[in-house]
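Novice: Take this structure, written in structure tokens, and hold onto it; I'll ask about it next.
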Amino acid sequence: MNVLRKDLERLAAEAEAARKPQDRWRPGFHLAPPVGWLNDPNGLCYFRGEYHVFYQYHPFDAACGLKFWGHYKSRDLLAWEQCPVMLCPDQTYDLHGVYSGSALCGEDGLYLYYTGNVKYEGEYDYISTGREANTVLACSPDGVHLSWKRLLMRNQDYPAGLTLHVRDPKVWAQDGKYYMVQGARTKEDAGVVLVFESPDRFQWRHINTIQTPESFGYMWECPDLFELDGQWFLLVCPQGLTEKGPGMENVYACGYFPLYGDFRGAYELGPFVPLDYGFDFYAPQSFTDGKRRLLFGWLGMPDAEYSNPTAAFGWQNCLTVPRELRCQDGRLVMVPARELEGLRETAREVRFSGRLTADVPETAEIGITCGDRLSLELSGLLLEASDGVLTLTVREGGYGREVRHAPVERLRSLRILADTSAAEIFVNGGETVLTTRWYPETAGRTLTLSGEGSAEIWTLRKMPVTIYE
Ligand code: FRU
């Protein structure tokens, strides 16, 4: 562990040196890996007064590779501490990656459920042969140091009819029991969600499988299931959809089904709703802090045809800001966690009627109230609302990102969190969201607005990140 820590410190120092002076794309208020590769948020929880954010982490280079669980924690979602790596692939049942999973807060510590990935060497299809997807439980008494790991289930313990693709346990407590959902791919190439129940967190029994009547993609990754304001929602990331159109323009989709009935027995799924319409949003995970349901997503997309130039500086990808979830008319609405208002520094208000140009800081929040015809450009990022569609075009610095569409019947407002190389665009109070990376060449940002309305522009200060001692 000490060796690993030393290696990580050396790599971090190298990356720090490599990014000076050119790496202007390091985010100011999004969590990014200190060095190396990041994907899904994992194990999100509020434990003993602190928010914990774990993430899929490949520390050794900026490309996707062997997965660990990296770790940040914070008291207020603004000042973060970079903690030691929590989970390493160091057992026979997880040696090719500590894959995604979730956390359960216990009296005696933090329980972390994840998928232990194992791949055999040889001529395999890696779908029905050549791999293992093990369900593993790890425990940390203090939320920072690991005390033990235990293998809970192997592929033969899952129900019949599945390929070897089963992963991403999301666990919660309810009605004096524990529940777990996992994503899976059936032998007929349909994505499904497996539901397990446990009396004690260790013994798990498969009690139900949630699926659509007609297959909807060949695999569902990263499921999440929760009730919000009396409505149940099943979040999934379906792979292999043949449907195209707004919200389905990326290589993989990410969205939710409203779930009616009981996830443990008879249920019905409503129509699939995309969660985000931008280029970079995947594998979101939600959790509660006792007051509200929050969500972080990976501000990235697996197997995308576009790229991220930060790989040259030794790191790649970041998470979204924490978002608060609400249910509005049976649909999910997402807005930035209210704590983020604490990043606001100077404010400026402008009215526009026709065309207006303004300088905007590199890390900024832009709030716009407008009519339903609007065109906005922020240093190469173009948003145009007309005829019920909001079009996002990346004109410059997209590295392969070109155009995406979102259905927006009547545009009323936009709230844009613009970081050095990422933008989260909340439309009409979070009814629709578009998230993207983009890489402007210069630090100075110019905002051009055409239409009618007013804009409030805040400078956002950068989030402090310190190293856990
Ligand atoms: C989603 C995913 C998960 C898996 C993890 C591996 O991005 O493919 O299904 O657990 O990434 O890093």
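The values are calculated or read from the model by the stated rules, or taken from the named source; none is laboratory data. Please read these numbers as outputs of a predicted model, since none were measured by experiment. Note that each Cβ is placed from the backbone with ideal geometry, even for glycine, and that neighbours are counted across all protein chains shown. These area figures cover heavy atoms from the full protein model, side chains too; ligands, DNA and RNA do not enter into them. Shrake-Rupley method; radii C 1.70, N 1.55, O 1.52, S 1.80 Å.
Novice: With a cap of 12 neighbouring Cβ atoms within 10 Å, and only residues DSSP puts in a loop, list the trypsin sites (Lys or Arg not before Pro) found in region 18-104.
Specialist: Passing sites in region 18-104 are Arg48, Arg75.
Novice: Grab the alpha carbons of the chain, take their convex hull, and tell me the volume per residue in Å³.
Specialist: Each residue corresponds to 141 Å³ of Cα convex hull volume.
Novice: Once you charge only the Cβ atoms, +1 for Lys and Arg and -1 for Asp and Glu, what is the size of the charge dipole of the chain about its Cα centre, to the nearest 20 debye?
Specialist: So the dipole magnitude of the chain works out to roughly 560 debye.
Novice: Report, to the nearest 10°, how far helix 2-19 tilts away from the longest principal axis of the Cα atoms in the chain, using its own Cα long axis and a range of 0 to 90°.
Specialist: Here the helix axis deviates by roughly 20 degrees.
Novice: Still on this structure, please answer the following. So for the pair Val335, Val350, with labels modelled 7 Å out along Cα→Cβ, what separation do we get in nm?
Specialist: 2.5
Novice: Excluding Tyr51 itself, calculate the net charge of residues whose Cβ lies under 11 Å from the Cβ of Tyr51, where each Lys or Arg counts +1 and each Asp or Glu counts -1.
Specialist: -2
Novice: Here's a follow-up. Nearest 20 debye, what's the magnitude of the dipole of region 68-169 about its Cα centre given +1 on Lys and Arg Cβ and -1 on Asp and Glu Cβ?
Specialist: 60
Novice: Here's a follow-up. Per residue and in cubic angstrom, what volume does the convex hull of the Cα atoms of region 271-408 have?
Specialist: Numbers: hull volume 24.0 nm³, N = 138.
Spread over its residues, the Cα hull of region 271-408 gives 174 Å³ apiece.
Novice: Sticking with this one: With a 1.4 Å probe and all protein chains kept in place, how much accessible area does His206 have, in Å² rounded to the nearest 10?
Specialist: 60
Novice: Further, regarding this structure: Residues of region 349-366 with the amide nitrogen closer than 12 Å to a label point 7 Å from the Cα of Glu456, along Cα-to-Cβ, please.
Specialist: 349-350, 365-366
Novice: What does the helix-only formula give at 222 nm for the chain: each DSSP H stretch with n ≥ 4 adding -39500 (n - 2.57), the total divided by the residues, and the result rounded to the nearest 500 deg cm²/dmol?
Specialist: Calculated from helices alone, the mean residue ellipticity at 222 nm is -1500 deg cm²/dmol.
Novice: Send over a whole-number figure in Å² for the accessible area per residue of the chain, probe 1.4 Å.
Specialist: On the way: 18340 Å² over 469 residues.
Heavy-atom SASA per residue in the chain reads 39 Å².
Novice: Counting other C-beta atoms within 10 Å, and keeping those with at most 12, which DSSP coil trypsin sites (Lys or Arg not before Pro) do you find in region 132-239?
Specialist: Lys187
Novice: So, one more: What FRET efficiency do you get for Thr448 and Ala311 if R0 is 41 Å and r is their Cβ-Cβ distance, rounded to the nearest 0.05?
Specialist: Using R0 = 41 Å, I get an efficiency of 0.85.
Novice: From the protein chains alone at 1.4 Å, what is the descending order of accessible area for Phe60, Phe233, largest first?
Specialist: Final ranking, largest accessible area leading: Phe60, Phe233.
Novice: For region 55-126, what is the charge dipole size about the Cα centre, in debye to the nearest 20, if Lys and Arg each add +1 at the Cβ and Asp and Glu each add -1 at the Cβ?
Specialist: Dipole of region 55-126, to the nearest 20 debye: 220 debye.
Novice: Which entries of Lys67/Lys244; Lys170/Lys291; Lys119/Lys149 show an alpha-carbon separation above 23 angstrom in the structure shown?
Specialist: Pairs exceeding the cut-off: Lys67/Lys244.
Novice: Gain in length, Ala358 to His96, computed as 0.36 nm per residue apart minus the alpha-carbon separation, to one decimal in nm?
Specialist: Length gained, Ala358 through His96: 89.4 nm.
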